[in-house]
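Trainee: One structure coming up, written as structure tokens, with questions to follow.
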Number of protein chains: 4
Amino acid sequence: MEAFSDGVIAIIITIMVLELRVPHETGLTALRPLIPVLLSYVLSFIYLGIYWSNHHHLLHAVDHVDGRILWANLHLLFWLSLVPFVTAWMGENHFATVPVAIYGLVLLAASIAYYILTRALIALHGRTSKLSIAVGKDFKGQLSTGIYAVGIPLALLRWWLGFGLYVLVAIMWLVPDRRIERTLVD
Amino acid sequence: MEAFSDGVIAIIITIMVLELRVPHETGLTALRPLIPVLLSYVLSFIYLGIYWSNHHHLLHAVDHVDGRILWANLHLLFWLSLVPFVTAWMGENHFATVPVAIYGLVLLAASIAYYILTRALIALHGRTSKLSIAVGKDFKGQLSTGIYAVGIPLALLRWWLGFGLYVLVAIMWLVPDRRIERTLVD
Amino acid sequence: MEAFSDGVIAIIITIMVLELRVPHETGLTALRPLIPVLLSYVLSFIYLGIYWSNHHHLLHAVDHVDGRILWANLHLLFWLSLVPFVTAWMGENHFATVPVAIYGLVLLAASIAYYILTRALIALHGRTSKLSIAVGKDFKGQLSTGIYAVGIPLALLRWWLGFGLYVLVAIMWLVPDRRIERTLVD
Amino acid sequence: MEAFSDGVIAIIITIMVLELRVPHETGLTALRPLIPVLLSYVLSFIYLGIYWSNHHHLLHAVDHVDGRILWANLHLLFWLSLVPFVTAWMGENHFATVPVAIYGLVLLAASIAYYILTRALIALHGRTSKLSIAVGKDFKGQLSTGIYAVGIPLALLRWWLGFGLYVLVAIMWLVPDRRIERTLVD
């Protein structure tokens with residue numbers, strides 16, 4: 001399951017670049033309309049990097065899986081697979097309010113899917129398992145979900161309010177989940 | 001062979017999202033024509049998830065392969081590789097009857113290819129092997145093949161009759177094949 | 001190197017399906033112009049399957065690699081990576097003579113690249129190595145190269161003469177390389 | 001991390017071929033406008049092959065990673081993921097000066113990212129580690145970075161001055177990093 005998930009995330013992160021349409025002109029000005037697309041691409045690249053890193057650490061703490069875990073994992077991959085689509089929609093329309101809000105909606109759904117996956121894993125491994133202790137209360141995860149929920153309606157008012165909040169969450173996560181790392185290394 | 005198959009299925013499941021064409025408008029109404037495409041995508045995502053999961057369980061029970069198995073496996077991957085095409089055709093044409101029927105035809109062919117693969121594996125491992133006992137009579141597989149065969153002509157009459165039957169099979173399979181899991185875990 | 005090559009071949013075999021353009025009509029007749037594209041796709045799928053299988057068997061017999069092997073391998077992957085392009089060109093133009101000849105040219109180059117790779121591997125492992133004995137004189141490989149060389153000019157006269165010869169080679173290879181399998185299994 | 005990086009590089013190297021647009025004509029002349037695209041493709045294929053090979057050797061010498069390494073690695077993959085875009089822009093515009101310069105800019109950024117990654121790895125493993133001794137002063141890496149920095153402004157004067165320098169660096173690297181190989185094999 002880990003190899004499959006890693007593969008899917010690697011493909012998602014890479015095919016996003018196919019949405020960077022090659023301009024027909026050759027001047028530097030031809031790149032200017034691509035700047036918002038590139039900015040969206042950078043943010044999504046970082047988000048997928050965060051998911052890959054946290055997901056990778058999480059699955060390393062896993063002993064066994066069942067059908068429920070498998071589908072909780074595919075559910076997460078489903079929302080991540082929509083990231084290239086919303087990234088391109090947001091970028092090509094220069095951060096129009098609705099696409100920015102929908103981008104946040106996909107981030108929100110992915111964060112909820114990740115939460116469901118961790119709970120299903122803890123339920124299977126037991127509350128006293130190394131995994132359960134490592135994940136802990138997952139304050140950062142729940143805070144992210146909350147910030148997305150606030151960011152989506154704000155994006156409809158001013159696109160940069162929503163976008164700024166998404167960037168904030170990304171910065172918050174840039175350091176990989178040390179709780180799991182710390183517990184597992186012992 | 002397992003890594004190659006996992007890779008191919010991971011790529012198929014992910015490139016499907018490239019068929020979700022980015023709209024040029026920015027309103028929520030711009031997403032409305034995408035709803036059937038998204039619905040088709042969800043169904044195909046679940047189907048490929050089911051195939052990945054069952055195929056993965058199946059190959060875990062395998063000891064050795066020969067050329068025949070290898071090609072039975074590539075034959076299955078061939079039909080699965082057509083899923084993105086029929087998904088897009090069905091979705092972009094808002095579930096017109098012929099595309100829905102052709103979608104079912106690809107599902108039917110994939111289910112037959114899966115059946116051939118299991119029989120070739122059992123023939124190689126022997127009727128008394130763990131694999132053979134685990135697969136058993138494969139009632140669910142044969143029932144699925146039958147439902148597709150019924151769904152295809154029905155789709156030509158009313159698209160939702162065929163589509164409903166495909167959804168029914170997907171629900172039936174959402175729980176991974178516990179027979180194999182059970183036998184192997186012992 | 002094996003995992004990387006398997007990954008590249010898995011991606012090549014899968015992205016070919018992106019060249020099957022989704023028709024805008026919904027009748028069965030909309031699929032008719034796709035038949036040559038689908039036929040080309042089937043042939044290329046089988047060819048890539050053959051290369052994956054033989055390449056996989058070959059690399060299993062390998063003990064160590066050096067920079068020369070690495071680039072001989074990338075050289076083979078380069079020609080294989082052109083297969084989706086020539087497949088689409090040949091299919092979309094309904095087997096026009098020049099595209100059929102160019103398709104053969106890519107097959108010819110790939111078969112020469114495979115030959116170079118096997119020779120580099122034998123040079124590294126020694127003429128008395130298990131690998132060397134397993135590959136043997138590689139009559140089938142050299143015959144294939146010869147048939148492509150004949151097929152390319154014939155394709156310019158009548159497309160089906162060239163195409164027929166490519167199909168002939170594919171059939172000849174459908175059984176994976178038992179020589180290597182036999183020697184290694186002992 | 002190694003498997004993920006290998007996967008991403010394998011996908012980048014392969015999706016580049018999707019930028020080779022299939023011509024609608026069937027004559028050999030239809031391929032003529034594709035020659036610069038194909039040439040760009042060959043150069044980028046070799047560059048990605050070099051990065052894969054060196055990166056692979058580098059990570060084999062790695063014992064453990066932390067969050068910093070992980071992001072230094074993703075930073076490198078980010079710049080490599082832009083290669084298909086700049087390759088297509090340069091090729092489709094027949095080596096216009098600005099695209100050739102931007103192509104060099106991405107190579108420059110990737111080489112700096114690779115440098116940062118090696119320094120982060122040495123910082124983590126210690127100056128007396130096998131990895132540190134193997135990487136050494138990395139004269140070839142720093143020379144490449146310098147040549148790109150010279151090639152970018154030269155490309156704006158005459159495209160072939162820049163392009164020629166990029167080709168020179170590629171030739172310089174075609175032999176994989178023997179320093180690491182030598183130290184590790186001992």
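The values are calculated or read from the model by the stated rules, or taken from the named source; none is laboratory data. Just so it is clear, the model here is predicted, and its values are computed rather than measured. Cβ sites come from the backbone with ideal geometry, for glycine too, and all protein chains shown count toward neighbours. We work out accessible area using only protein heavy atoms, side chains counted, and drop any ligands, DNA or RNA first. Shrake-Rupley method; radii C 1.70, N 1.55, O 1.52, S 1.80 Å.
Trainee: Quick check: anything in the stretch C:151-159 open to solvent by less than 60 Å² (accessible area, probe 1.4 Å), of a type outside the set (Phe, Trp, Tyr) and more than 14 Å from chain D (Cβ to nearest Cβ)?
Mentor: Taking the stretch C:151-159 as the starting set, the residues that turn out to be open to solvent by less than 60 Å² (accessible area, probe 1.4 Å) are C:151-152, C:154-155.
Those still in the list that are of a type outside the set (Phe, Trp, Tyr) too: C:151-152, C:154-155.
Now restrict to residues that are more than 14 Å from chain D (Cβ to nearest Cβ): C:151, C:154.
Yes: the stretch C:151-159 contains one or more residues that are open to solvent by less than 60 Å² (accessible area, probe 1.4 Å), of a type outside the set (Phe, Trp, Tyr) and more than 14 Å from chain D (Cβ to nearest Cβ).
Trainee: Tell me, yes or no, whether the stretch A:14-37 has at least one residue that is within 14 Å of the chain's Cα centre (by Cα) and within 11 Å of chain D (Cβ to nearest Cβ).
Mentor: Yes, the conditions are met somewhere in the stretch A:14-37.
Trainee: Let me ask something else. Please go through the stretch D:62-71 and give me each residue that is open to solvent by 10 Å² or more (accessible area, probe 1.4 Å) and either of a type in the set (A, V, I, L, M) or under 13 Å from the mean Cα position of the chain (by Cα) (or both), ordered by number.
Mentor: From the stretch D:62-71, those open to solvent by 10 Å² or more (accessible area, probe 1.4 Å) are D:62-66, D:68, D:70-71; that's our starting set.
Residues satisfying the conditions are D:62, D:65, D:70.
Trainee: While we're on this one: Is there any pair with a first residue in the stretch C:147-170 that is charged (D, E, K, R) and a second that is part of a helix (DSSP H, G or I) whose Cβ atoms are under 8 Å apart and which are 6 or more apart or on different chains, and what are they?
Mentor: Filtered contacts from the stretch C:147-170: C:158/C:97.
Trainee: How do the pairs read when you match residues in the stretch B:6-27 that are closer than 19 Å to residue C:24 by Cα with residues anywhere that are of a type in the set (A, V, I, L, M) and part of a loop (DSSP other than H, G, I, E, B), using Cβ under 8 Å and keeping only pairs 6 or more apart or on different chains?
Mentor: Hits for this filter: B:17/A:82; B:19/C:22; B:20/A:82.
Trainee: Of everything in the stretch B:29-54, what is polar (S, T, N, Q) and either touching a strand residue (DSSP E or B) at 6+ places or on another chain (Cβ under 8 Å) or surrounded by fewer than 21 Cβ atoms within 10 Å (Cβ to Cβ) (or both)? Give them in sequence order.
Mentor: Hits for the stretch B:29-54 are B:29, B:54.
Trainee: Do we have residue D:76 as surrounded by 20 or more Cβ atoms within 10 Å (Cβ to Cβ), within 14 Å of chain A (Cβ to nearest Cβ) and part of a helix (DSSP H, G or I) here?
Mentor: Judged against the criteria, residue D:76 is a match.
Trainee: Is there a residue being within 14 Å of chain B (Cβ to nearest Cβ), modelled with pLDDT of 90 or more and open to solvent by less than 30 Å² (accessible area, probe 1.4 Å) anywhere in the stretch A:141-148?
Mentor: Looking through the stretch A:141-148, none of the residues is within 14 Å of chain B (Cβ to nearest Cβ), modelled with pLDDT of 90 or more and open to solvent by less than 30 Å² (accessible area, probe 1.4 Å).
Trainee: Which one is nearest to residue C:51 (Cα to Cα) among residues in the stretch C:80-104 that are of a type in the set (S, T, N, Q) and buried (at least 24 other Cβ atoms within 10 Å of the Cβ)?
Mentor: Going residue by residue through the stretch C:80-104, those that are of a type in the set (S, T, N, Q) are C:81, C:87, C:93, C:97.
With buried (at least 24 other Cβ atoms within 10 Å of the Cβ) added as a condition, the list becomes C:81, C:87.
Details: C:81: 12, C:87: 16 Å.
The qualifying residue nearest to residue C:51 (Cα to Cα) is C:81.
Trainee: Inspect the stretch D:89-103 for any residue being in contact (Cβ under 8 Å) with a residue 40 or more places away in the chain, of a type in the set (Gly, Ala, Ser) and away from every other protein chain (no Cβ under 14 Å) and give the result as yes or no.
Mentor: no
Trainee: For the stretch B:7-28, which residues satisfy the criterion of being open to solvent by 20 Å² or more (accessible area, probe 1.4 Å) and at pLDDT 90 or above?
Mentor: Residue satisfying the conditions is B:7 alone.
Trainee: Just name the residue that is modelled with the lowest pLDDT out of those in the stretch D:108-134 that are open to solvent by less than 10 Å² (accessible area, probe 1.4 Å) and not hydroxyl-bearing (Ser, Thr, Tyr). Steps first, please.
Mentor: Filtering the stretch D:108-134 for residues open to solvent by less than 10 Å² (accessible area, probe 1.4 Å) gives D:110, D:113, D:117-118, D:121-122, D:131, D:134.
In the following step, the residues that additionally are not hydroxyl-bearing (Ser, Thr, Tyr) were identified as D:110, D:113, D:117, D:121-122, D:131, D:134.
Values: D:110: 97, D:113: 96, D:117: 94, D:121: 91, D:122: 89, D:131: 80, D:134: 72.
The qualifying residue modelled with the lowest pLDDT is D:134.
Trainee: Okay, moving on. Inspect all residues belonging to the stretch B:54-68 and state whether any of them is within 14 Å of chain C (Cβ to nearest Cβ) and without any contact (Cβ under 8 Å) to a residue 12 or more places away in the chain.
Mentor: For the stretch B:54-68, residues within 14 Å of chain C (Cβ to nearest Cβ) and without any contact (Cβ under 8 Å) to a residue 12 or more places away in the chain: present.
Trainee: Is it fair to say residue A:57 is part of a loop (DSSP other than H, G, I, E, B) and open to solvent by 10 Å² or more (accessible area, probe 1.4 Å)?
Mentor: It is false that residue A:57 is part of a loop (DSSP other than H, G, I, E, B) and open to solvent by 10 Å² or more (accessible area, probe 1.4 Å).
Trainee: Among the listed residues C:76, C:80, C:70, C:59, which satisfies the condition of being within 29 Å of residue C:132 (Cα to Cα), of a type in the set (A, V, I, L, M) and in contact with an Asp or Glu (Cβ under 6 Å, 6 or more places away or on another chain)?
Mentor: Within the list C:76, C:80, C:70, C:59, the selection yields C:59.
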